[in-house]
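Notes follow once the structure below has been shown.
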Amino acid sequence: MFAEDLGAFFNPDEFADKATLAGEPVVGFFDKAHLVEGSGLGFAATRPAFTLPASSVPASYAGKPFVLEDGTAYRVSGIDPDGSDRSITVLLLELA
(Lines give C-alpha, C1' and ligand atoms only; values in the text may rest on other atoms or scores of the structure.)
Protein backbone atom coordinates (compact mmCIF):
# COMPACT_ATOMS: atom_id res chain seq x y z
CA MET A 1 0.00 0.00 0.00
CA PHE A 2 1.19 3.50 -0.80
CA ALA A 3 1.91 5.47 2.38
CA GLU A 4 1.08 9.10 1.71
CA ASP A 5 2.51 11.88 3.87
CA LEU A 6 -0.59 13.67 5.15
CA GLY A 7 1.35 16.34 7.05
CA ALA A 8 0.76 19.00 4.40
CA PHE A 9 -3.01 18.54 4.66
CA PHE A 10 -3.23 18.44 8.46
CA ASN A 11 -1.21 21.57 9.17
CA PRO A 12 -2.68 23.78 11.94
CA ASP A 13 -0.69 26.76 10.60
CA GLU A 14 -2.75 26.55 7.41
CA PHE A 15 -6.34 25.28 7.56
CA ALA A 16 -6.43 22.45 10.09
CA ASP A 17 -8.04 22.65 13.52
CA LYS A 18 -6.47 21.67 16.85
CA ALA A 19 -8.30 19.50 19.37
CA THR A 20 -7.76 16.79 21.97
CA LEU A 21 -9.00 13.22 21.69
CA ALA A 22 -8.99 11.28 24.96
CA GLY A 23 -6.61 13.92 26.33
CA GLU A 24 -4.11 13.63 23.46
CA PRO A 25 -3.55 16.50 20.98
CA VAL A 26 -4.86 15.88 17.45
CA VAL A 27 -5.04 17.96 14.28
CA GLY A 28 -7.75 17.68 11.64
CA PHE A 29 -10.80 19.37 10.16
CA PHE A 30 -13.91 20.11 12.19
CA ASP A 31 -17.21 20.05 10.29
CA LYS A 32 -20.20 21.27 12.28
CA ALA A 33 -22.66 19.83 9.73
CA HIS A 34 -21.09 16.67 8.25
CA LEU A 35 -23.54 14.79 6.00
CA VAL A 36 -24.22 11.26 7.25
CA GLU A 37 -26.20 9.01 4.94
CA GLY A 38 -28.33 6.09 6.11
CA SER A 39 -26.47 3.36 4.19
CA GLY A 40 -29.30 2.67 1.78
CA LEU A 41 -32.01 3.18 4.38
CA GLY A 42 -33.33 6.27 2.60
CA PHE A 43 -32.35 9.01 5.04
CA ALA A 44 -29.57 11.50 5.62
CA ALA A 45 -28.71 13.83 8.47
CA THR A 46 -25.99 16.23 9.51
CA ARG A 47 -23.95 16.07 12.68
CA PRO A 48 -20.59 17.35 13.94
CA ALA A 49 -17.55 15.44 12.73
CA PHE A 50 -13.77 15.65 12.79
CA THR A 51 -11.56 14.34 9.96
CA LEU A 52 -8.03 13.34 10.96
CA PRO A 53 -5.25 10.88 10.13
CA ALA A 54 -6.27 7.34 11.11
CA SER A 55 -2.98 6.97 12.97
CA SER A 56 -4.25 9.58 15.50
CA VAL A 57 -7.33 7.55 16.47
CA PRO A 58 -7.10 5.15 19.45
CA ALA A 59 -8.20 1.56 18.93
CA SER A 60 -11.19 2.01 21.22
CA TYR A 61 -12.56 5.40 20.20
CA ALA A 62 -16.27 5.08 21.10
CA GLY A 63 -17.29 7.35 23.96
CA LYS A 64 -13.88 9.04 24.19
CA PRO A 65 -13.89 12.75 25.06
CA PHE A 66 -13.12 15.14 22.23
CA VAL A 67 -12.52 18.86 22.85
CA LEU A 68 -11.97 21.54 20.22
CA GLU A 69 -9.35 24.21 20.80
CA ASP A 70 -12.15 26.70 21.61
CA GLY A 71 -13.21 24.46 24.54
CA THR A 72 -16.35 22.96 22.99
CA ALA A 73 -16.66 19.44 24.41
CA TYR A 74 -17.93 16.45 22.45
CA ARG A 75 -17.94 12.68 22.81
CA VAL A 76 -16.99 10.34 19.94
CA SER A 77 -20.10 8.41 18.93
CA GLY A 78 -18.74 6.51 15.94
CA ILE A 79 -16.85 6.58 12.66
CA ASP A 80 -18.32 7.49 9.29
CA PRO A 81 -17.30 4.84 6.75
CA ASP A 82 -16.25 7.28 4.04
CA GLY A 83 -14.81 4.68 1.65
CA SER A 84 -11.30 6.09 1.79
CA ASP A 85 -8.12 4.06 1.84
CA ARG A 86 -8.28 4.03 5.66
CA SER A 87 -5.43 6.52 6.10
CA ILE A 88 -8.03 9.14 7.04
CA THR A 89 -10.82 8.74 9.63
CA VAL A 90 -14.00 10.75 10.11
CA LEU A 91 -15.09 10.74 13.76
CA LEU A 92 -18.78 11.36 14.39
CA LEU A 93 -19.34 13.55 17.45
CA GLU A 94 -22.11 14.42 19.88
CA LEU A 95 -22.13 17.24 22.41
CA ALA A 96 -20.90 16.15 25.83
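Remarks
- All of Ala45, Ala33, Ala22 fail the test of being modelled with pLDDT under 90, of a type in the set (A, V, I, L, M) and in contact with a Pro (Cβ under 8 Å, 6 or more places away or on another chain), apart from Ala33.
- Answer residue from the range 70-96, given it is acidic (Asp, Glu) and assigned to a loop (DSSP other than H, G, I, E, B) and is modelled with the highest pLDDT among those: Asp70
- Selection status of Pro65, touching a residue at least 40 places away in the same chain (Cβ under 8 Å) and over 11 Å from the mean Cα position of the chain (by Cα): yes
- Test: Phe50 is under 15 Å from the mean Cα position of the chain (by Cα) and modelled with pLDDT of 95 or more: yes
- Among (1) surrounded by fewer than 18 Cβ atoms within 10 Å (Cβ to Cβ); (2) touching a residue at least 40 places away in the same chain (Cβ under 8 Å) - the single one Gly71 does not satisfy: (2)
The values are calculated or read from the model by the stated rules, or taken from the named source; none is laboratory data. What you see is a predicted model, and the numbers here were worked out from it, not measured in a lab. Note: ideal-geometry Cβ built from the backbone for every residue, glycine included; neighbour counts use all protein chains shown.
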